[in-house]
Structure formats: C-alpha cells, structure tokens
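The values are calculated or read from the model by the stated rules, or taken from the named source; none is laboratory data. As the structure is a prediction and not an experimental result, all values here were calculated from the model. Here Cβ is always computed from backbone atoms with ideal geometry, including for glycine, and neighbour counts include all displayed protein chains.
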Amino acid sequence: MVSAQMKRMPRERTGPEMRLRRELHRRGMRFRVNFRELPGRPDIAFTRVRLAVFVDGCFWHMCPIHSTMPKNNAEWWRQKLMRNVERDREKDVQLSLQGWHVLHIWEHEDASEAADAVATLWSSLSNRPVSTRPGQ
C-alpha cells in the first residue's frame, strides 16, 4: 500500500517547482528541465553557467523547519528519509566534481525569493546582471 502510494507521488512538475520555473521564465531566464544527462536529474539546469537547481520537498528531504517523522513504521521511514538526504549529498558531490554549482530550494520557500537566489547565483557565475522585472 505504501509503495503504491509512493509511486503515485509526482517526481517532477510539482507545484513549488512549477512556481519557481514560471518566475524564472518571467524574468527572462532560460533553462533545461529535469536534465537527464546530470546526476540526480536537476529540476532546473542552466547549462552555460553550469548551475543545477533542485526543488526539494520538505518531507522527502528532511527540511529542518517542516520535516516530520511518521509514527507508524518509524525506523523504516527514518532510514528511508536519511538515505534520501545522503543521496542528495552524493549527487551534489558528483555534480561539483563535474564543475557544476548546486543550489537547493525548499518547497516552502516563496517562488519570488527563491528566484532571487537563483538569479543572484546565476549572475555571479555568468558575470552578467539579471533583471527582476521582465523587459529590463
């Protein structure tokens, strides 16, 4: 039952990811989506500046603010969620070794503020300013 339920959970095109993508696109930033050529398939990849962005769910990636541990089958869930976090760190290292910069955004973060963080890092990597308003 749990495994069937987990299979139905969206892995891409989640609400928080789509809000961030729309905001970045509104700002004129263009990117690749679910870039399969890289470890971890980044949700958003800026290939020219080698910036990989992941939008992490609070439950699945153990957000320090919102993470909760299920009470039923607690040890199994603890191991499962800890392994998710370990896998995140492993893919971050793999990406770094390939010359990529990695940015993680929590699902609870405001899309506009998250886009500001992405744009700031993108700008520092590309040495080009990014406007926060379209058409500028």
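Here are the numbers:
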{"quantity": "Search result, residues across segment 7-33 that are of a type in the set (Lys, Arg), assigned to a loop (DSSP other than H, G, I, E, B) and at pLDDT below 95", "calculated": "11, 13"}
{"quantity": "Candidate set: segment 14-52, residues that are touching an Asp or Glu at 6+ places or on another chain (Cβ under 6 Å) and of a type outside the set (S, T, N, Q); chosen: the one surrounded by the most Cβ atoms within 10 Å (Cβ to Cβ)", "calculated": "43"}
{"quantity": "Every residue from segment 61-70 that is surrounded by fewer than 17 Cβ atoms within 10 Å (Cβ to Cβ) and at pLDDT 90 or above", "calculated": "63, 64, 65"}
{"quantity": "Residue in segment 22-36 that is of a type in the set (Asp, Glu), within 21 Å of residue 87 (Cβ to Cβ) and touching a helix residue (DSSP H, G or I) at 6+ places or on another chain (Cβ under 7 Å) present", "calculated": "no"}
{"quantity": "Some residue of segment 80-102 being closer than 19 Å to residue 35 by Cβ, surrounded by 16 or more Cβ atoms within 10 Å (Cβ to Cβ) and aliphatic (A, V, I, L, M)", "calculated": "yes"}
